[in-house]
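For reference, the structure is listed below as C-alpha cells.
The values are calculated or read from the model by the stated rules, or taken from the named source; none is laboratory data. This is a predicted model, so every value here is computed, not measured. Ideal geometry is used to build each Cβ from the backbone, glycine not excepted, and the neighbour counts take in all protein chains shown. Ligands, DNA and RNA are stripped out before the accessible areas are found, and what is left, the full protein with its side chains, is counted by its heavy atoms. Shrake-Rupley method; radii C 1.70, N 1.55, O 1.52, S 1.80 Å.
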Amino acid sequence: MSDFTITNTVDADLPDPFVGKHLIDGQWISGSETFERVSPSHGAVVSISAMGSETDTELAIATARKVFNRGSWSRLSGKQRATIILKVADLIDANIERIAVQETLESGKPIAQSRAEVGGASDLWRYAAYLARTSHGDSHNSLGKDMLGIVVKEPIGVVSIITPWNFPFWILSQKLPFALAAGCTVVVKPSEVTPSSTVMLGELLVQAGIPPGVCNIVLGYGQPVGSLLTEHKDVDMVSFTGSTAVGKLISNACSNTLKKVALELGGKNPQVIFPDADLESAADAVTFGAYFNAGQCCNSSSRILVHEDIAEQFIQRVIALSKLVRFGDPMNPDTQVGAIVTADHARKIHAHVQAATADGARLELGGKIFSVPRLGKQFYQPTILTGVTPNMEIAREEVFGPVLSVLTFQTLDEAIAMVNDSDFGLSAGVWSDNIHTCLEFSRGVQAGTVWTNTWMDGYPELAFGGVKQSGQGREIGHYGYEEFLEVKSVLMRVGRSGAPWVQKRA
Ligand code: NAD
C-alpha cells in the first residue's frame with residue numbers, strides 16, 4: 001500500500017455499545033431477542049438492538065393506523081407540524097457529535113463525513129418544515145353558476161420507511177420529515193447494519209414533543225419486519241431506499257394491496273469528459289465520485305467515459321490524485337475514505353474486480369483488500385480499471401466499492417448512447433466548456449439528475465430520484481413532499497339543484 005496515502009490510526013476511546021429499542025406509541029420497547037453490530041473498522045461490538053418480530057411490527061403498524069385515523073397529527077395545522085419539525089432540526093444540530101460517532105462506528109465511514117452528513121440533515125428538516133405550510137390545491141370557479149370545484153391535498157396515510165446502511169441518517173432525513181410535514185404517520189425500519197442513528201433520531205423526536213404513535217421505529221431484518229411493512233393492508237405507502245433486487249421484491253409485495261411505492265435504488269452513474277473541459281476539476285470530481293463513502297454510494301460515478309483524444313493523460317491525472325486520497329482509520333478526522341461495511345461486501349467488491357480483469361480490463365491501480373495498522377482487514381484499495389468495454393459486467397453492474405471503470409468515446413452522440421445503454425438511470429454528469437454540449441447531453445441522457453461541470457451536489461429544494469431500474473418517485477424538494485400527499489376533488493353545488501334526474505310525472 002506504499003503507493004497510497006494511509007492516515008494514522010488514532011487512539012479512540014470507543015463508547016459503550018449503544019442499546020437500541022423499538023419506539024412504538026411513544027414507548028421504548030426492548031425485544032426478547034437482540035442483534036449486535038460489530039464495527040467494520042474496529043472489530044468491536046458497537047450496538048445491541050432489539051430484534052423486531054412480527055408482533056412488534058403488527059403493533060407498530062396498528063399504532064400508526066390508529067393515530068393517523070384519530071387525526072392527532074394529520075389534522076394539525078401545517079404551522080403546528082412545522083413547529084415540531086423545526087425543533088427536531090435544532091436538536092439534530094445540538095447532537096451532531098454523538099450521532100456522528102455512532103454512525104462512523106457502525107458504517108466504517110470517516111468521522112468528518114458523518115459529521116457533515118448529520119449536520120447537513122438538519123437543513124432537510126428545516127426545508128420540510130417550510131413545506132408543511134405550503135400544502136394547497138386548486139379551485140375551479142368556471143364550472144357553471146351552480147357549481148364550485150376544489151381540489152385538496154391530504155396526507156396519504158400510514159407510510160413504511162425502509163432505509164439502507166450507506167447513509168442511514170441522511171436517507172432517513174430525505175423521507176421522514178417530508179412524510180411528517182405532509183401529516184402522515186410512519187413506521188421506520190433502518191438497516192440491521194446501522195440501526196442506531198435512527199433510534200437516536202427517535203429520541204430527538206420524542207424530545208421535540210411529537211405526539212405518541214406518529215413516528216414508530218421497529219429494528220430488525222428484512223424478514224419479518226421489512227416484509228410485513230410492505231405487505232400489510234393498513235400501510236398506505238412504502239418509501240424504500242436500497243438495492244434494486246430488494247426494490248423489485250418490495251414492488252411485488254406492494255402490488256397485492258395496490259399501495260403506493262416510492263423506490264430509490266442502485267445506479268451505474270457515468271461522468272463524461274470532453275477535451276474542452278476544465279480537466280483539473282473534472283479529475284478531482286471523478287476521484288471524489290469514485291471513492292466517496294468508499295464507493296458505497298448510489299450516486300457513485302463508478303464508470304467514466306473519456307474522449308479518446310485525452311483519455312491517456314486524463315487517466316494518469318486521476319491515478320495521481322487517487323494515490324493522494326487519504327484512506328484509513330475512520331475515527332481520524334483527516335481520513336477521507338474508511339472501511340468497507342462488511343467483510344462479505346469487501347469480498348463481493350473484489351470478485352467484481354477479478355471478473356473484470358478476467359474479461360480483459362486492465363488493472364491500473366489497487367485491486368486488493370488491505371488492512372490498516374491496528375484496525376484489521378476490511379478496507380479496499382482505490383482501484384482503477386481501463387480498457388473497459390460497454391458489454392463487460394464491470395461497466396453494467398453496480399459494484400458499490402472504490403472501483404472506477406474507464407471507457408472511451410469519440411462523439412457526443414456516441415457518449416449519450418453509451419450513457420443510456422444501461423438498466424440504471426440515477427445520475428449522469430458532463431464536463432465541457434461548451435454550453436451546447438452540456439445542454440444536448442442533459443436533454444439526451446436518461447437519468448433523474450444531471451450534473452454539468454460538477455458532481456453530486458444536492459439541495460433540499462431539488463428533487464432526487466431515478467428512472468429505469470434506479471427507482472420510481474422523487475424525494476426532497478417540493479416534488480418529494482407531494483409524494484406523501486393524496487389528491488381529493490370536492491364538488492359543491494351552489495343553490496338548489498335546478499335539474500333533478502328523476503322527472504316527476506304529471
Ligand atoms: P438492501 O436492499 O439490502 O437493504 C435495504 C433495506 O431493506 C434494509 O433495511 C433491509 O433490512 C431491508 N430489506 C431487505 N430485504 C427486504 C424485504 N424483502 N422486504 C423489505 N425490506 C427488506 O440495501 P443495502 O445493502 O442496505 O444498501 C445498498 C443499496 O442501496 C445499493 O444498491 C444502493 O445503490 C442502494 N441505495 C440507493 C440510494 C438511492 O437513493 N437511489 C441511496 C442509497 C443506497
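Worth pointing out:
- Residues satisfying the criterion are absent from the range 170-180 (criterion: more than 16 Å from the ligand (Cβ to nearest atom) and open to solvent by 10 Å² or more (accessible area, probe 1.4 Å)).
- Filtered residue count, the range 382-403, keeping only those that are within 16 Å of the ligand (Cβ to nearest atom) and either more than 19 Å from THR244 (Cα to Cα) or small (Gly, Ala, Ser) (or both): 3
- If you go through the range 274-287 and keep only what is of a type in the set (A, V, I, L, M) and part of a helix (DSSP H, G or I), you end up with LEU279, ALA282, ALA283, ALA285, VAL286.
- If the condition is being in contact with a Ser or Thr (Cβ under 8 Å, 6 or more places away or on another chain), away from the ligand (no atom under 16 Å from the Cβ) and open to solvent by 10 Å² or more (accessible area, probe 1.4 Å), then the range 288-307 contributes only HIS307.
- Test: residue in the range 260-274 that is over 24 Å from GLU33 (Cα atoms), in contact (Cβ under 8 Å) with a residue 12 or more places away in the chain and open to solvent by 30 Å² or more (accessible area, probe 1.4 Å): yes
- Subset of the range 1-39 (residues that are assigned by TED's automatic domain parsing to the domain that holds MET51 and of a type in the set (Phe, Trp, Tyr)): PHE18, TRP28, PHE35
- Scanning the range 371-398 for residues that are modelled with pLDDT under 95 and not basic (Lys, Arg) yields SER371, VAL372, PRO373, LEU375, GLY376, GLN378.
- THR257 fulfils the conditions (1) within 21 Å of TRP170 (Cβ to Cβ); (2) among the β-branched types (Val, Ile, Thr); (3) open to solvent by 50 Å² or more (accessible area, probe 1.4 Å) except for a single criterion, (1).
- Residues of the range 332-367 classified as open to solvent by 10 Å² or more (accessible area, probe 1.4 Å), under 23 Å from the mean Cα position of the chain (by Cα) and more than 16 Å from the ligand (Cβ to nearest atom), total: 1
- Pair list, Cβ < 6 Å and 6+ apart or interchain, from the range 443-468 residues that are farther than 18 Å from ALA415 by Cα to residues that are among the hydroxyl-bearing types (Ser, Thr, Tyr) and away from the ligand (no atom under 14 Å from the Cβ): PRO460/TYR127; ALA463/TYR479
- The range 122-151 - residue that is of a type in the set (S, T, N, Q) and closer than 28 Å to PHE178 by Cβ and, of those, surrounded by the most Cβ atoms within 10 Å (Cβ to Cβ): SER122
- Of all residues in the range 424-454, exactly one satisfies the criterion of being open to solvent by 20 Å² or more (accessible area, probe 1.4 Å), out of contact with any Leu (no Cβ under 9 Å at 6 or more places or on another chain), within 16 Å of the ligand (Cβ to nearest atom) and of a type in the set (A, V, I, L, M), namely VAL450.
- Matching entry among ARG474, ARG443 (being of a type in the set (Lys, Arg) and either under 22 Å from GLN296 (Cβ atoms) or in the same structural domain as ILE319 (by TED's automatic domain parsing) (or both)): ARG443
- Selection status of GLU461, of a type outside the set (S, T, N, Q) and assigned by TED's automatic domain parsing to the domain that holds TRP125: no
- Residues located in the range 201-247, provided they are more than 9 Å from the ligand (Cβ to nearest atom) and either β-branched (Val, Ile, Thr) or touching a His at 6+ places or on another chain (Cβ under 7 Å) (or both): VAL206, ILE210, VAL214, ILE217, VAL218, LEU219, VAL235
Per-residue answers, yes or no, for (1) assigned by TED's automatic domain parsing to the domain that holds PRO224; (2) open to solvent by 20 Å² or more (accessible area, probe 1.4 Å); (3) among the basic types (Lys, Arg):
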position: ALA50; (1), (2), (3): yes, no, no
position: SER53; (1), (2), (3): yes, yes, no
position: THR57; (1), (2), (3): yes, no, no
position: LEU76; (1), (2), (3): yes, yes, no
position: LYS79; (1), (2), (3): yes, yes, yes
position: ILE84; (1), (2), (3): yes, yes, no
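- Residue within the range 14-29 that is within 30 Å of ARG65 (Cα to Cα), surrounded by 15 or more Cβ atoms within 10 Å (Cβ to Cβ) and β-branched (Val, Ile, Thr) present: yes
- If you go through the range 253-279 and keep only what is of a type in the set (Gly, Ala, Ser), within 25 Å of the chain's Cα centre (by Cα) and more than 13 Å from the ligand (Cβ to nearest atom), you end up with just SER255.
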